[in-house]
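Below is one structure, written out as structure tokens; the observations come after it.
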Amino acid sequence: MDYIFYPGYIQVIKRKPNGWVHSKGDGIFKLSDCEFDWINREKYFDLTKNQILTELFRRYQGKLGYYLVHLAKREYYYCGLNLDDVQQKLWEIGITQPDTAGEANG
């Protein structure tokens, strides 16, 4: 999987052995129909990066891999070690749906 599409109220964070990386880069593509400050999007939801990372560490003890944060609802999810796991978690929580049109015609 090369790209993941998700709305601006979702933040993807990756935990690496040397620290945390927010979703800028790492093969994650973001779409928005308006100007949006992707780097500081948590401020729109009255959160800070520090609050988010503290909560992720508290809940998941700094486990390596990808995390999803639903900024609007302040919900936190551990996904797994690769982007496919992130996509699967998005489907599980109803953010996106799998593309089954190609399978039916394929």
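Per the Cα gyration tensor, segment 53-95 maps to an equivalent ellipsoid with semi-axes of 17, 14, 6 Å, ordered largest to smallest.
Select from segment 40-105 those trypsin sites (Lys or Arg not before Pro) which occupy a DSSP coil region and have at most 14 other Cβ atoms within 10 Å, ordered by residue number. Counting only loop positions with at most 14 other Cβ atoms within 10 Å, the trypsin sites (Lys or Arg not before Pro) in segment 40-105 are K63, K73, R74. Label-to-label distance, Y9 versus D84, with points set 7 angstrom from Cα along the beta-carbon direction: 3.0 nm.
Taken together, the values in this text are just the output of simple stated rules run on the coordinates, not laboratory data. This structure is a prediction, so every number in the text was calculated from the model and none was measured. We place every Cβ from the backbone using ideal geometry, glycine too, and count neighbours over all the protein chains shown.
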